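Okay, structure first, notes after.
The values are calculated or read from the model by the stated rules, or taken from the named source; none is laboratory data. Note that the structure is predicted; figures quoted are calculated from it, not measured. Counting neighbours? That spans all protein chains shown, and the Cβs are built from the backbone with ideal geometry, glycine included.
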2 protein chains.
Amino acid sequence: MLRHDYPGQICSIAKALEVIGERWSLLIVRDVMNGRRRFDDLQKGLGIARNVLSTRLQRLVEEDILERRPYQESPPRYEYFLTEKGLDLWPALVALQGWGDRHSSRKTGPPMVIVHKECGGQVSDRGICEECGKLLHARDARALPGPGAEALALAAQTSE
Amino acid sequence: MLRHDYPGQICSIAKALEVIGERWSLLIVRDVMNGRRRFDDLQKGLGIARNVLSTRLQRLVEEDILERRPYQESPPRYEYFLTEKGLDLWPALVALQGWGDRHSSRKTGPPMVIVHKECGGQVSDRGICEECGKLLHARDARALPGPGAEALALAAQTSE
DNA sequence: CGAGTCAGTTGCTTCGTGCAACCCAATGTG
DNA sequence: CACATTGGGTTGCACGAAGCAACTGACTCG
């Protein structure tokens, strides 16, 4: 049996980390948010071991962060979608990305930028549009390659 | 040699997680932010193995997230403080805590609340004071036990 | 003189991760 | 028709990381 807990902690940060603090979990959520939904696609994109990806996906589904939906039968093939709970991780991802940008991509500029779909303005690390000042949620924004990105047109078609 | 990287990832989230994505790291940062600064205090509070705490602290110091300062000589004893880079993790911690609150402390209410030092208003998961509307940073806020906390007067004297 | 404090280190065991190989059904290719 | 490829995994093995307990070493307190 696995231990997913930080015993004795009453803090919600600990609670949150029990679920998404495992290695790869947040990166999987980020990739699914950016439109990667299939096993092989996630595996290749992340460079994660297949068995680990498998257990992570199962756990994220159990925790109601991802939802597994068939997109064809025979052979059965599945896609993973974010639930509301999963989408709600957006502010945390944005905050982490902001921290990473500020402290490790100083010269090149951020490899990814987040823009407000509605007005095209850049989104701050607090999830607020710098253009129109609105407080945003996952569905209001889209990730695009930034100045620090070599190439990678992955987030191009970030559908709904 | 350890592997602290997520190879092939160009995203700042991956960069951030290389450093603070390890089990316990963020909880250590949170505790130091709440005024716990000493080895035994952190160890008892977190219930972490001593050797693991030791390596985590070393790594966080290496990464310039914590600073190790002697507070006495003979025998040499040290305290850990957050650097600016460490303090700057505050928005991410607040966002994670918000997510944890929303999705796992539904009935009890949040175990911890964050309040704006200046006006006493509650701070949202975006790090904005709900009272005065200001966008806050680590030094502007303080963590206090919330409705979901049984007891624990740990965060009582959250000095500067 | 013995007990306690503080900041670790050492040794051992178990758990988690990475890697490669394999499976199975269906579809594409020569 | 044979054979390779795609997609979504599972299995087995090796090794690094985490948990646990005991020990160290310099000092203080009663």
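Counted as qualifying within the range B:4-72 are the helices (runs of 4 or more DSSP H) with 3 or more residues that are near DNA strand C (Cβ under 10 Å from one of its atoms), namely B:39-46, B:50-62.
If you go through the range A:4-39 and pick out every residue that is closer than 19 Å to A:Val94 by Cα, without any contact (Cβ under 8 Å) to a residue 40 or more places away in the chain and more than 7 Å from chain B (Cβ to nearest Cβ), you end up with 5.
A count restricted to the range A:71-111 and to residues that are at the interface with another protein chain (Cβ under 7 Å from one of its Cβ atoms) and of a type in the set (Phe, Trp, Tyr) stands at 1. Name every residue in the range B:112-160 that is over 18 Å from the mean Cα position of the chain (by Cα), surrounded by 17 or more Cβ atoms within 10 Å (Cβ to Cβ) and either part of a loop (DSSP other than H, G, I, E, B) or at pLDDT below 85 (or both), in order of residue number. Answer for the range B:112-160, where residues must be over 18 Å from the mean Cα position of the chain (by Cα), surrounded by 17 or more Cβ atoms within 10 Å (Cβ to Cβ) and either part of a loop (DSSP other than H, G, I, E, B) or at pLDDT below 85 (or both): B:Gly121, B:Gly148.
Candidates are the residues of the range A:40-60 that are within 14 Å of chain B (Cβ to nearest Cβ) and within 14 Å of the chain's Cα centre (by Cα); the one that is surrounded by the most Cβ atoms within 10 Å (Cβ to Cβ) is A:Leu60. Test B:Asp64 against the stated conditions and say whether it is within 10 Å of chain A (Cβ to nearest Cβ), at pLDDT 95 or above, within 21 Å of B:Ser25 (Cα to Cα) and surrounded by fewer than 16 Cβ atoms within 10 Å (Cβ to Cβ). It is true that B:Asp64 is within 10 Å of chain A (Cβ to nearest Cβ), at pLDDT 95 or above, within 21 Å of B:Ser25 (Cα to Cα) and surrounded by fewer than 16 Cβ atoms within 10 Å (Cβ to Cβ). Assess whether A:Ser74 counts as being free of Cβ contacts under 8 Å to residues at least 12 places away in the same chain and surrounded by fewer than 16 Cβ atoms within 10 Å (Cβ to Cβ). When the stated conditions are applied, A:Ser74 passes them.
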